[in-house]
Ligand SMILES: NC(=O)c1ccc[n+]([C@@H]2O[C@H](COP(=O)([O-])OP(=O)(O)OC[C@H]3O[C@@H](n4cnc5c(N)ncnc54)[C@H](O)[C@@H]3O)[C@@H](O)[C@H]2O)c1
């Protein structure tokens, strides 16, 4: 344990896999009670089992972040189970289909935007009142290098830019009420998402990875570690920020 967040309660969305699972495990190592929220029941329960095997406390709550009723229930059940909510990593996301702007279907647009951007808003809408009740709160939303560039498909890129807007607005609105809100911008991280990109176009993928000054993919825990810091009191003066954890990609 390195931070002072033991005993607090966290929700991590998209925690059945990849970056969300790493954050959930990292927070549990710090003694945080972790709610693993995801649409993937099997993966979510696996995350909980890993945390419990390591002596941590976690509970899976099946949640589709694009569904307000489900998000409301996620927060209610968290508070019922653990008594309060102080920390969240709003991280669930999908990359959607690969196509150019003029080729995307409305169905793909709605799926990506509703999961990635509406999902972050719905989560904050229901998490913030619970944090106000707790008297403190720290939120990290997952953006991307695609939130600052045109690297990626239009709906995905648009949502990752939009998450910055949501993060900054909430940071300004709730700073005086003790809630900090930041965004993390991962570069290429070794998760099932990058596996799919690699399989679709191995050469282009490798070139993209090599472009970053560190010349490699990041590990999910390299994002989990940054999120744990942002959620801790060590980051007490950080709010409204965008934190690059991208192997130097955005420094190019
Ligand atoms: N992997 C990368 O290179 C990379 C880079 C930048 C940003 N990101 C972002 O990081 C986040 C996590 O991605 P990852 O790489 O760990 O991918 P991942 O596919 O391993 O994890 C995403 C998780 O989100 C869940 N999810 C999808 N739709 C959901 C919904 N409607 N409600 C609840 N959960 C849902 C999935 O079931 C999955 O467990 C995403 O927001 C992604 O856009 C990833």
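Output yes when any residue across segment 106-115 is within 20 Å of residue 191 (Cβ to Cβ) and touching a strand residue (DSSP E or B) at 6+ places or on another chain (Cβ under 7 Å), and no when none is. Checking segment 106-115: not a single residue is within 20 Å of residue 191 (Cβ to Cβ) and touching a strand residue (DSSP E or B) at 6+ places or on another chain (Cβ under 7 Å). Considering only residues that are in a helix (DSSP H, G or I) and within 16 Å of the ligand (Cβ to nearest atom), which ones fall in segment 82-97? If the condition is that a residue be in a helix (DSSP H, G or I) and within 16 Å of the ligand (Cβ to nearest atom), then no residue fits.
Number of residues in segment 1-37 that are over 12 Å from the mean Cα position of the chain (by Cα) and either within 14 Å of the ligand (Cβ to nearest atom) or part of a loop (DSSP other than H, G, I, E, B) (or both): the value is 14. If you go through segment 192-215 and keep only what is modelled with pLDDT under 95 and assigned to a loop (DSSP other than H, G, I, E, B), you end up with just 201.
Report whether or not residue 37 is closer than 12 Å to residue 228 by Cα, buried (at least 16 other Cβ atoms within 10 Å of the Cβ) and either touching a strand residue (DSSP E or B) at 6+ places or on another chain (Cβ under 6 Å) or modelled with pLDDT under 95 (or both).
Working: closer than 12 Å to residue 228 by Cα: no; buried (at least 16 other Cβ atoms within 10 Å of the Cβ): yes; either touching a strand residue (DSSP E or B) at 6+ places or on another chain (Cβ under 6 Å) or modelled with pLDDT under 95 (or both): yes.
No.
Those helices (runs of 4 or more DSSP H) of segment 98-191 in which at least 2 residues are buried (at least 20 other Cβ atoms within 10 Å of the Cβ) and within 11 Å of the ligand (Cβ to nearest atom), considering only elements entirely within it, cover 119-134, 154-174.
The values are calculated or read from the model by the stated rules, or taken from the named source; none is laboratory data. Treat the numbers as computed from the prediction; the structure is a model and nothing was measured. Cβ: placed from backbone, ideal geometry, glycine included. Neighbour counts: every protein chain shown.
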